[in-house]
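Student: If you scroll down you'll find the structure; I have some questions about it.
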Amino acid sequence: MIRAAMVGLGWWGRTIVESVQADSDIIRFVAGATRTKSAETAAFAEQQAIVFGQLHQTFSAFGVGLLLFAHQFESLHQPHAADIADDRIFLLQ
């Protein structure tokens, strides 16, 4: 099973996580990061069993094999992609 992380848990990121979390035998989201932590986002993360943390630290600690970015490209998270860049990173717009 692929252990994935989602950067950006707005509407689009939550939609992607929900679409595979309970139904896929191939991928499971185990970690996430968001620019703005709200009560709604925290509740969603708890419901989906996703752990939040610093981008590179959390993802390496949970053995993430796939990193998806579901946010605006000009957001604050984009510079971090270079820190951990490899062929497991996908940008969704």
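The values are calculated or read from the model by the stated rules, or taken from the named source; none is laboratory data. Computed from a predicted model, the values in this text were never measured in an experiment. Here Cβ is always computed from backbone atoms with ideal geometry, including for glycine, and neighbour counts include all displayed protein chains. What goes into the accessible areas is simple: the full protein's heavy atoms, side chains included, and nothing from ligands, DNA or RNA. Shrake-Rupley method; radii C 1.70, N 1.55, O 1.52, S 1.80 Å.
Student: Taking the stretch 1-24, which residues are in contact (Cβ under 8 Å) with a residue 24 or more places away in the chain and open to solvent by 70 Å² or more (accessible area, probe 1.4 Å)?
Tutor: M1, I2, R3, W12, E18
One line per residue, one yes/no per condition, for (1) part of a loop (DSSP other than H, G, I, E, B); (2) of a type in the set (S, T, N, Q); (3) modelled with pLDDT of 75 or more:
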{"position": "S19", "(1), (2), (3)": "no, yes, yes"}
{"position": "F29", "(1), (2), (3)": "no, no, yes"}
{"position": "E46", "(1), (2), (3)": "no, no, yes"}
{"position": "Q57", "(1), (2), (3)": "no, yes, no"}
{"position": "A81", "(1), (2), (3)": "no, no, no"}
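Student: Now, a different point. So which residues in the stretch 59-79 are part of a helix (DSSP H, G or I) and modelled with pLDDT of 65 or more?
Tutor: Answer for the stretch 59-79, where residues must be part of a helix (DSSP H, G or I) and modelled with pLDDT of 65 or more: F59, S60, A61.
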